[in-house]
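K.L.:
Below is one structure. I have some questions about it.
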Amino acid sequence: MILSKSEIEEFNRKYHNKETDAFNNYINSVRKQLETLHHAWQEITKDKDNNIIKDNDYSLSDMITISLEFFACFDKDIYTNLLKILNDDSVKLNFSEPSAENRGNNCGIKDWRRFINLNPTNNVFGLTTVCHEFAHLTSQRMQEKKMPKSEYIGEVESMFIEKVFAKYLLDKKIISEEEYDAVNISLIKSVSNRLEAVFQENDILNFLKGDILTEEKLAEGEKLLKNSPNKDAILNRIQSIAKGTIKSDVDFRYIIGEVVSELLFEEYKKEPQKTTAKFKEYLKHNADIDPQSMVVELIGKSPEETVSDYLALFRELSDIEQE
Ligand SMILES: [Zn+2]
């Protein structure tokens, strides 16, 4: 069954508030421990050298082969579904050879047609991105051309598989320890930055209480942000939101995706089969579950407890004492 336009509108209307609630719960939970998160983040990345990542000489076909070999090891059903999509003539494939700069990778459904764009960089990040995009193709909604879940927490499927893939690459000695660390750190870093931006954005939007952003209000906002190293970027973002150029909740799915997939990966390391079975059930969801319920289904805890567990993991990784 394919959802009609009016059904999608109905879905968006019905779940918009739920998303906002889940989002605010996460924000409130993270708000309480943001300092710890940043502290931990600095500890984790302290001795890491970003220049360690070398270009590699993989062709796109090498990257695809490595990714497909991984999917075949990871799970037979997921692998079969992925091959089905990649061999389906109705799917628009737009593949480019790896290059020095990243020109964007994504996949989705446009005008009821599935597409996948791959323009990977020629290093380990490009390789894990190929796997990330393929992971999106393994969900039921991509098989059935249903869209809605991707707007909510569709990034769980791709971020979780990306973590399992990175570990596989390390175990098979396809990548070095340094590259493995770099992949994990880049995932943590992106969520840490997003959390900070969204957290501060949320403060300012609360502070504005829906008012139009005036010069005076902006000056007050600047005061709120005076100690933030990302002050200019955040203020630009706030102005864009005020002007309606971008949506404030644009990063929601990546934050939830990272928090949930990190915890799921921890579980996977202890119980791979059980976790994979649960994950496969999750892939079956389309527009039949709201984000909060999906977090509960995958992690078995409320969003607030899930965030606390995520932050606890951070502390563990960085050996920071519990406050
Ligand atoms: Zn993605």
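Each value in this text was obtained by applying a stated rule to the coordinates, not by laboratory testing. Note that the structure is a prediction, hence the values are computed from the model and not measured. All Cβ positions, even for glycine, are placed from backbone atoms using ideal geometry, and neighbour counts span all protein chains on display.
K.L.:
Given the pairs Lys110/Lys172; Lys110/Lys270; Lys110/Lys189; Lys110/Lys284; Lys92/Lys270, which are separated by over 32 angstrom at their Cα positions? If you can, show how the numbers build up before the last one.
P.N.:
On the way: Lys110/Lys172 37 Å; Lys110/Lys270 38 Å; Lys110/Lys189 30 Å; Lys110/Lys284 21 Å; Lys92/Lys270 38 Å.
Check vs 32 Å cut-off fails for Lys110/Lys172; Lys110/Lys270; Lys92/Lys270.
K.L.:
List the residues, sorted by chain then number, that are 5 or more residues from Cys107 or on another chain and whose placed amide H is less than 5 Å from its amide H.
P.N.:
Under 5 Å from the amide H of Cys107 lie the amide H atoms of Asn117, each far enough along the sequence or on another chain.
K.L.:
So if we plug the beta-carbon distance of Lys226 and Lys270 into 1/(1 + (r/R0)^6) with R0 = 30 Å, what FRET efficiency do we get, rounded to 0.05? List each step's numbers first, then the result.
P.N.:
On the way: r = 44 Å, r/R0 = 1.46.
According to the calculation, E is roughly 0.10.
K.L.:
By count of other Cβ within 10 Å, fewest leading, how are Cys107, Cys73 ordered?
P.N.:
Numbers: Cys107 23, Cys73 12.
Least crowded to most crowded, the residues run Cys73, Cys107.
K.L.:
For each of Ser261, Ser293, count neighbouring Cβ atoms within 10 Å of the residue's Cβ, then give the residues from fewest to most.
P.N.:
Ser293, Ser261
K.L.:
Could you give me the ³J(HN,Hα) list for region 161-174, computed from phi with Karplus coefficients 6.51, -1.76, 1.60 and θ = phi - 60°, whole Hz, x at Gly and Pro?
P.N.:
Residue by residue, region 161-174 yields 5, 4, 5, 5, 4, 4, 5, 4, 4, 5, 4, 8, 6, 7 Hz.
K.L.:
Could I ask something else about it? At 0.36 nm per residue, and after removing the present C-alpha to C-alpha distance, how many nm does the segment from Ser186 to Gln140 gain when stretched out fully?
P.N.:
Full-extension gain reported as 13.8 nm.
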